[in-house]
Amino acid sequence: MAKVILDMAMSLDGFISGPNGEDHGLRDYFFSPAGPTAEVIEEGFRTTGTILMGRRAYDNGAAQDGFAENPYQVPTFILTHHLPEQPAKGAESFVFVTDGIESALEQARAVTGDRHIVIGGGANIAQQYLHAGLLDEIQIHLVHTCSVMEFDCSIRLALSQLGWKKPGSSIPSESHTCDFAS
C-alpha cells in the first residue's frame, strides 16, 4: 500500500522557505545533486506516485515557470480555496481540490497504485496532514544553510568558520527520514 510522505527541504535553523514563501536556495540541492543526495532524488522519482501541494507552493512554482520542465510526471493535486483563472505553464493536468485534505488524499490514493503519495509543499498543508494523523513518514532534506536574513557580524564570522552558507548559496544537503511505523 502507498505511504503518505511529507517531503521537504529545511535549513539548519528550521525554515522551509523565506518570509514570503520564496525559496532562498533551499531547493538548489535538487538541481545539481551529487553522491547520496542524487541517490535520494532518484529514489523519489522511482517511488513517487502522486504529489499533493498547497496553493501557495503552487503559486510560487507558477511564478517561476517551475512546472514547465517538471521531472515528476505523476498526477499532482493542489489544495486550494479558489481555482486559478488558468493553470500555470506545465501544470495543465494538475487537479485543483477545494474540499479539503481528506478529499485530496482520497483522490490521490485512487490513482497512485503502489507508489507513494508525496506532500511536497507548503507549511500549512504539511501541518494539516500532520495534525490529522495522515502521514506515514516525514523526509527532511537538511540543507546546510541558515535562512535568517540578518546576522550580527560575530555570528556571521562564526557561521562561516563552521562552513555554513548564507541563503541562496548551495552546498550539499542531507536527507533524513522519520517513519511513523505503528
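No value in this document is a laboratory result; all are computed from the given coordinates. Just so you know, these numbers come straight off a predicted model, no measurement behind them. As a convention, Cβ positions derive from the backbone with ideal geometry for all residues, glycine included, and neighbour counts pool all protein chains shown.
Descriptive notes on the structure:
- For the range 49-114, the gyration tensor built on C-alpha atoms gives an oblate shape. Its axis ratio a/c (a ≥ b ≥ c) is at least 1.5, and a/b is not larger than b/c.
- Extending 7 Å from the Cα toward the beta-carbon at both His82 and Glu39 defines two label points whose distance is 4.6 nm.
- Straightening the chain between Asp59 and Asp13 buys 14.1 nm, computed as 0.36 nm per residue apart minus the Cα-Cα spacing.
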